[in-house]
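One structure is given below, encoded as structure tokens.
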Amino acid sequence: MVEWQPVILSIKVASISVLFVFFLGVLSAYVMRSIDIPGKAALESFFTLPLVLPPVVIGFLLLVLVGKQGPVGILLTKYFNMQIIFTQSAAVLAGTVVSFPLMYQSTKAAFEGIDKTLEDAARTLGASEWRVFWTVTIPLSWPGLVSGLVLSFARTLGEFGATIMIAGNIPGKTQTIPLAIYFATESNDLVTAGMYVIIISVLTFSIIFGLNHWKGKTH
Amino acid sequence: MLTVDIKKKLSDFTLDISFTAPNKTLVLFGPSGCGKTTILRCIAGLMKPDEGSIVSNKTVFYSSKAATHLPPRSRNVSYMFQDFALFPHMNVKHNIWYGVKTHSQQATDLYEKLITLLKIEHLPHRTIVQLSGGEKQRVAMARALMAEPQILLLDEPLSALDAQSRYELQDELKKLQEIWNIPFILVTHSPEEAQALGSEVIFLHQGQQVSEPPPSWYMNGNGKTPRSSFQYFY
């Protein structure tokens, strides 16, 4: 029996995740572009790590970090009396971490594609760095940022490994589409699993198709 | 009046230059890679010299002794880049208005004056890709002057244009300099451009000022026939 709750939850988690991912990705790409520090290459590799590490490893690391006994988990309990393990916040956290490299890489490539002379021209016309960023850098890198955003959304929608480690599979609370597929299959309910497979496939296909269509129109 | 006295180590040589630019057109002439653009970038604040000073009227743009390095936005120096660097996502009008701090009646009057002088009244709503090379040059000029600069830097301003536009714009540049009466510092490797526009010419070779013009100065485009108009400058 297909329930819509995992579908709605998946969209909700992915939507909130991409908000975080957008700001974190743009901020880190901008800072990394502006600074020249020793160890920059190492930091860059660290940012890309969630893309290449198995999601379950990301989940394990997050569990160690934000779990009840983890350093962040202890702080959260002590100062805010809150716990994020096995909550929707954990699903958002997992989604944010695994999709961050996609946003970061897309933004970085978009920034690299900008003619630096245009930013210099804005500076010589009296613009502050903030104004240069909003009126030149962002508008010119917009197609790349949208790509990053859409890919991150699609990635978060399909997130399984890290999510199950820290958000668990609580129907109605933390069960997203991929988790629903896994547990329906495990309990031999292939019809439900198949329906979820169709739903998530159509959803992600539409997103990517929409992106490509938009890109085709803007170029 | 602008006084420049700077040193900067570049990959192949050390730029070491000292000059004063009055309210006229000063040409920095030299072959590609002799440090001309670096000088402009240092004046604009886009690059930091290793030592020395850059002073415009009484404003210290850069001083290694006083550890002063004003950011480009505080220098009031407009820079016309070689490829014009017009913002492709804005129309002509938005490009021209970009450097205006307060949208006053005075700014509107200046805008009207500039687009009339530069003969671009018909272009305000065009996008940049719709412009020809000559039109881009005029729009870039309008944008640079609209910011009401104390100094205007021009990097090979006519090199991207065809002969007809180049000829027209040379005259317009001269006219604009007379009206604005601020230092125009122009870099070029074209003797023709230097001779047509410069009230004063500084010859550069590997980052240093040289007293003798390089052989290319006496040649025309094919590098064979001696030029006849250079005496004008001596």
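Read the figures in this text as sums done on the coordinates, not as results from a lab. Just so it is clear, the structure is predicted and the values come from calculations on it, not from any experiment. Note that we place each Cβ from the backbone using ideal geometry, even for glycine, and neighbour counts take in every protein chain shown.
Tell me, what is a quarter of the convex hull surface for the C-alpha atoms of the protein assembly as shown, in nm² with one decimal?
Projected area, direction-averaged: 29.0 nm².
Assuming R0 = 60 Å, what is the FRET efficiency of B:Glu112 and B:Lys65, from their Cβ-Cβ distance, to the nearest 0.05?
E between B:Glu112 and B:Lys65, to the nearest 0.05, is 0.85.
What is the Cα convex hull volume of chain B when expressed per residue in Å³?
Details: hull volume 31.1 nm³, N = 234.
With only Cα atoms used, chain B gives 133 Å³ per residue.
With +1 assigned to the C-beta of every Lys and Arg and -1 to the C-beta of every Asp and Glu, and no other charges, what is the dipole magnitude of the range A:66-219 about the Cα centre in debye, to the nearest 20?
About 240 debye.
For an R0 of 22 angstrom, estimate the FRET efficiency from the Cβ-Cβ distance between A:Lys215 and A:Ser15 and round to the nearest 0.05.
0.55
If you take every DSSP beta bridge whose two residues both sit in the protein assembly as shown, what share of them, in percent to the nearest 5, is antiparallel? Please list the in-between numbers first.
Numbers: 25 of 43 bridges.
Antiparallel bridges: around 60 percent, rounded to the nearest 5.
Efficiency by 1/(1 + (r/R0)^6): what FRET value for A:Glu44 and B:Ser32, r their Cβ-Cβ distance, R0 = 30 Å, to the nearest 0.05?
0.30
In nm, to one decimal, how far is the modelled label at A:Lys78 from the one at A:Val191, with both set 7 Å along Cα→Cβ?
My value for the distance between the label points is 5.3 nm.
Restricting to Cα pairs below 8 Å that are 6+ residues apart, what does the relative contact order work out to for chain A? Please round to a whole percent. Present the calculation step by step, with values, prior to reporting the outcome.
Working: 264 pairs, mean separation 66.2, N = 219.
Value for chain A: 30 percent.
Which Cα, out of A:Ile164, A:Phe183, A:Trp142, lies furthest along the positive dipole direction of the range A:90-219 (beta carbon charges, K/R +1, D/E -1)?
Toward the positive end, the furthest listed residue is A:Trp142.
Residue by residue, what Karplus-based ³J(HN,Hα) values in Hz, rounded to whole numbers, does the range B:41-58 have, using 6.51, -1.76 and 1.60 with θ = phi - 60° and x for Gly and Pro?
Rounded to whole hertz, the list is 5, 5, 5, 6, x, 7, 9, 10, x, 7, 7, x, 8, 9, 10, 10, 6, 10.
To two decimal places, what compactness ratio does the range B:1-59 give when its Cα radius of gyration is scaled by 2.2 N^0.38 Å?
It is 1.09.
Rank these for me by crowding, B:Arg73, B:Arg126, B:Arg143, going from fewest to most other beta carbons within 10 Å.
Values: B:Arg73 19, B:Arg126 15, B:Arg143 26.
Lowest count first: B:Arg126, B:Arg73, B:Arg143.
Let me know the Rg and Dmax you get for the range A:32-106 when you use only its Cα atoms, in Å.
Answer for the range A:32-106, Rg first and Dmax second: 14.5, 39 Å.
Apply the a/c threshold of 1.5 to the C-alpha gyration tensor of chain A and tell me whether it is rounded, prolate or oblate.
oblate
Between B:Gln150 and A:Leu27, what is the label-point separation in nm under the 7 Å Cα-to-beta-carbon projection?
Computed distance between label sites A:Leu27 and B:Gln150 equals 3.7 nm.
For a label point 7 Å from the Cα of A:Gln5 along Cα→C-beta, name the residues of the range A:163-177 whose backbone N is under 11 Å from it.
Residues A:170-176 qualify, since their backbone N sits under 11 Å from the label point.
Order by neighbour count: B:Asp155, A:Asp115, fewest other Cβ atoms within 10 Å first, most last.
Going from sparsest to densest Cβ surroundings: A:Asp115, B:Asp155.
Could you give me the ³J(HN,Hα) list for the range A:28-35, computed from phi with Karplus coefficients 6.51, -1.76, 1.60 and θ = phi - 60°, whole Hz, x at Gly and Pro?
5, 5, 5, 5, 4, 6, 7, 9
Using Cα pairs under 8 angstrom and six or more residues apart, how large is the relative contact order of the range B:90-221, in percent?
Relative contact order here is 22 percent.
As a quick test, which of the pairs B:Lys36/B:Lys101; B:Lys93/B:Lys119; A:Lys68/A:Lys173; A:Lys108/B:Lys93; A:Lys40/B:Lys9 have an alpha carbon distance above 21 angstrom in this structure?
Cα-Cα > 21 Å for B:Lys36/B:Lys101; A:Lys108/B:Lys93; A:Lys40/B:Lys9; rest within.
Name the shape class, rounded, prolate or oblate, that the alpha-carbon gyration tensor gives for the range A:62-169, where a ≥ b ≥ c are the square roots of its eigenvalues, rounded holds for a/c under 1.5, and otherwise prolate holds if a/b is larger than b/c and oblate otherwise.
Here the range A:62-169 falls in the prolate category.
Put +1 on the Cβ of every Lys and Arg and -1 on every Asp and Glu Cβ in the range B:1-126; which of B:Phe84, B:Pro124, B:Ala107 then has its Cα farthest towards the positive end of the dipole?
Going by the charge dipole, the pick is B:Ala107.
Using the crude model of +1 on Lys and Arg Cβ and -1 on Asp and Glu Cβ, and no other charge, please compute the dipole size for the protein assembly as shown relative to its Cα centre, in debye to 20.
Value, rounded to 20: 660 debye.
Under a 10 Å cutoff between Cα atoms, tell me which one of A:Ser206, A:Ser17, A:Ser28 has the largest fluctuation in the Gaussian network model of chain A.
Among A:Ser206, A:Ser17, A:Ser28, the largest mean-square fluctuation in the Gaussian network model of chain A belongs to A:Ser206.
Whose amide H sits under 5 Å from the amide H of B:Lys24, counting only residues 5 or more places off or on another chain, with H placed in the peptide plane?
Those lying under 5 Å, H to H, from B:Lys24 are B:Phe184.
For the range B:127-150, list residues with backbone N below 18 Å from a point placed 7 Å from the Cα of B:Ile179 toward its Cβ?
B:135-150
Roughly how crowded by other chains is peptide B:96-102, in terms of the mean Cβ count from those chains within 10 Å of each of its Cβ atoms?
Average neighbour count from other chains, rounded to a whole number: 3.
Could you give the length gained on full extension between B:Ser211 and B:Thr20, defined as 0.36 nm per residue of separation minus the Cα-Cα distance, in nm?
Answer, rounded to one decimal: 67.2 nm.
Evaluate the charge dipole of chain B about its Cα centre and quote only its size in Debye, nearest 20, assuming +1 on the Cβ of each Lys and Arg and -1 on the Cβ of each Asp and Glu.
The calculated dipole for chain B is roughly 500 debye.
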